Every structure is written in C-alpha cells, then in structure tokens.
C-alpha cells in the first residue's frame, strides 16, 4: 500500500486547535490518565478526531513524520499499548455518537464509546448489547479482541455480534468492513484486535431485553478449595441463561474472600432456583442477589477499576479446575503481595461455543475458564513492584501445564511470546495474511499478532 503524498501543513489543516494536545496542557494530562499508572509513555502529541477524515489526516501526518502511532479508546489495556513514546496518539474520546435502530435491533456506535454508554442508549428501547463485565471499559477495544461478558452464554462473544465497522487503514483509505464488503478484513477484526486500522465506528446487533437476576455472593477464603471444586462441576452443566464469574476480592480489611457473581438472563423463577443451588456450596458471609437492570450489572465492579494504580496481568485458558490448580489458586490467594490484587475466572459456555472455530480468528471455542490474574498496587509501593509482578507470573506458570495453549489475546502482554504464538490456533496463518495485506508496515499494534 502506498501513502498519499500530502504536505504536513495540508495534513494538519482540517484539525482544529483544540483537537491537538501537547505535553504540559491540562487536556493532554487528562487524556493520559489511563487505568495502569505504571505506564509512563510520553507521546509528542495527542489528537482527538471528530470523524474519519480527521483520523485520515492524523495517519498521514504520522506516516510523513515517521512517528509511532497508537489509538486510545477506554484506556484499559493493562500493557499500555494505547500510548507510545514521542509519537502520536489518536484519542477516540470525541467519537462517541450512538445511533439505535430499534426495529432492526442494531446500534451504530463511535469508536470512543464506553460499554455503559451503549447500554444506557439502548435501554429506552428495552434492548441490550453484548458487553463485558465492567461498564467503564472502552467498547471498541473490548469487542475487537473477543469480548467475554454476562450475555455471552446467550448470544456469543462481542465479536459474534459485530455486524460491520468503519476503519481508516494505514494508507488513509476509509472503508466499511462487513460480510458483504471487505469480508477478509471483517473476519480479521473479529478477534484480531485493532491491528488493521483505526476503527471509527462499529455496527452491532442488539437483543430484546429479558429479566435479569444478578449480584454478589461472598464466602470465606478458608472454604475456597471445596467451593472451587463444586463450582467447576456445577458450571459444566449450566444452562445458557446463566453466566457466572468466580474469583477473589479483597474484604474491607484487605484479607481475601471468595466471590461468585451470577447473572441469570431469562425466566426469573427458574433463575432463582439455579442461583439458590449456587448459594448452597459454601458458608455465605455476604449475599445480595436480585432483579437488576443490565446497566447496574455492569456497574457492580467499577469501584475495583481504579485509575492510576499500577497493574500487571497474566491470563490462561483452563479446561477445568483440577485438584492441583485449585491448590495453587488457594495458595496464591493466601499469599497475595498486595491487598488490591485479584483473581477472576470467567466460564465460557453456551452460544459462544457453538460458533465455528474458523469463522473468526478467536482461537478457542471449547468450554473453558478464562483466567485473569491481576497484580495491583498503589503508585507509592513502587519498590515492591517486581514482587507483585512475580506473584502473578508464579500462579500463571503453575497453571501452564494444565492450560489450553494460548490465552485471551485482549489480556496477553506483548512479551508472552509462547502464549501469543498459540492464541489464535488454526486461524493464525490467515490472520497474518490479512495483516500483511492491509498493514504491511505494521503501523497499528494492538493486541499481539506473532
């Protein structure tokens, strides 16, 4: 692909002064406040486009100046790939339009929206979209990398509900990728992340809202061994209406406690019966489960996503909780090096498993637990940073021998080479070919493609 020749003056002309942010400016500093405070990159400028033409101008500018280019959405990539050093960052924060077509059950959303904004916009029409578990996370990045969420057992991953996307490619071309146009590109962005262009808008499928039961059940960590074993068996036969997250959260005093967060999407009386069975697998120390709106489900964990704390993450795909894996989880929970560190296990089942493996780049369609090991610590605890990082790595390494190859690309760090090589499974070669076709110079570096 050849870049269109433009002078840098021509390239910058369409942009208004307030769209170009420079170091030291208050708006620049505001944009730099991403989730992981350990990321210390300092881009030369941040540009906030209003439309695809602005993105096009920015891409041309970066190409002429031979400057690195990154795309900042919600800012929740723990590895900080939304920023760079001495380059240009495209902040999508002003591209936040949402248009709902309730008759077609479709939403067209800007590349800068957050999940909770889409859910709020669809709510008056009694419709919902597939999102993750956290409402404040950027919707585009979450979707392009796969997208596990509470509605996935009913409707599939977020990528399974993506109908099309507008992108600006590395040569500045503005295209719309769907099953009908640029089908190879459309295939690649459904699991291959932001590696093929800047996604300026997405068209996603909506679903009619059903009754929801959700909440939080907490148990003492001393019962984790028994509960994890029973939970794994229970989820193997879970119906599509049930999604559930289990893991470790800090109690008010900082000690670990085991939690289960079930979400039932369907007929309430049956949901109550199923959730009551979950409640019975341990001694409840706190429980609050009941009818909820979907937006409130997404807000439950927002308090644990604190901007500016330092974070390092590991991820694995586990087929089951064996006795050895459970033992390592319990040890790791008891030996946390920071009271803010957490463990999350998302169970993947239902509709997501019935999508053919090669229909998207997503590399694993078997039932599994997607593991999040999050080492989190305060910025003033920098002296112990490596201790916290090693805590997460140690548990990941202990799990490795029983894990499926690869891992969730949205959460794999750029240096997890062995896992990255396996993350897309049989889809890797095709994904590489599409990358070479649309971005041979590797302008875009979202989630890792080996």
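Roughly how compact is the range 142-194, stated as its Cα Rg over 2.2 N^0.38 Å to two decimals?
Working: Rg = 11.8 Å, N = 53, 2.2 N^0.38 = 9.9 Å.
Here the answer is 1.19, to two decimals.
Build a GNM of the chain with springs between Cα atoms under 10 Å apart, and of 68, 356, 252 the one that fluctuates most is 252.
Put in line by how crowded their Cβ is, counting other Cβ atoms within 10 Å and starting with the fewest, 318, 364 read 318, 364. Subtracting the Cα-Cα distance of residue 33 and residue 323 from 0.36 nm times their residue separation leaves 100.3 nm of extension gain. Relative to the 2.2 N^0.38 Å rule of thumb, the range 190-247 has a C-alpha radius of gyration ratio of 1.76. Given springs between every Cα pair under 10 Å in a Gaussian network model of the chain, which of 104, 42, 436 has the largest fluctuation? Largest GNM mean-square fluctuation: 104.
P(r) tail, the range 8-91: Cα-Cα pairs separated by more than 17 Å, 42% of all pairs. The modelled label-to-label distance between residue 286 and residue 335, using points 7 Å beyond Cα along the C-beta direction, is 2.7 nm. Taking 0.36 nm per residue of separation and subtracting the Cα-Cα distance, full extension of the segment from residue 50 to residue 64 would add 2.9 nm. With Cα atoms as the point set, the chain shows a radius of gyration and Dmax of 21.5, 68 Å.
From largest to smallest, the equivalent ellipsoid semi-axes obtained for the range 105-155 from the alpha-carbon gyration tensor read 15, 14, 10 Å.
Have a look at the DSSP beta bridges in the range 8-91 and tell me what percent are antiparallel, nearest 5. Antiparallel bridges: around 20 percent, rounded to the nearest 5. Using R0 = 45 Å, the C-beta based FRET efficiency linking residue 86 and residue 293 works out to 0.50. When 434, 371, 20 are sorted by how many other C-beta atoms sit within 10 angstrom of their C-beta, beginning with the fewest, the order is 20, 434, 371.
Test of understanding: ordering 185, 163 by Cβ neighbours within 10 Å, fewest first, what list do you get? Exposure proxy ranking, most exposed first: 163, 185. Relative to the longest principal axis of the Cα atoms of the chain, helix 52-65 runs at roughly 70 degrees.
Eigenvalues of the alpha-carbon gyration tensor of the range 212-422, scaled by 5 and square-rooted, set the equivalent ellipsoid semi-axes at 26, 22, 17 angstrom, largest first. In plain terms, the chain from residue 276 to residue 382 could stretch by 33.9 nm, reckoned as 0.36 nm per residue minus the Cα-Cα distance. Put a dot 7 Å past the Cα of residue 307, heading toward its Cβ, do the same for residue 393, and the two dots end up 3.0 nm apart.
Cut-off 18 Å, label point 7 angstrom out along Cα-to-Cβ of residue 415: give me the residues of the range 365-393 whose amide nitrogen falls inside. Correct set: 373-377, 382-393. Would you work out the relative contact order for the range 98-208, in percent, from Cα pairs under 8 angstrom that are 6 or more residues apart? Normalised by residue count, the contact order of the range 98-208 is 32 percent. Kirkwood radius, the range 266-320, all distinct C-alpha pairs, inverse of mean reciprocal distance: 15.0 Å. For the range 98-208, compute Rh as the Kirkwood radius over C-alpha pairs and then the Stokes-Einstein diffusion coefficient at 20 °C and 1.002 mPa s; write the answer in µm²/s, rounded to an integer. In µm²/s, the coefficient rounds to 156. Using C-alpha pairs below 8 Å separated by at least 6 residues, the relative contact order for the chain is 17 percent.
Gaussian network model of the chain, Cα springs within a sub-10 Å range: biggest mean-square fluctuation belongs to which of 369, 234, 186? Evaluated over the chain, the most mobile residue of the options is 234.
Computed from the coordinates by the stated procedures, all read-outs in this text should not be read as laboratory data. Owing to the predicted nature of the structure, the values given are computational and were not obtained by experimental measurement. We place every Cβ from the backbone using ideal geometry, glycine too, and count neighbours over all the protein chains shown.
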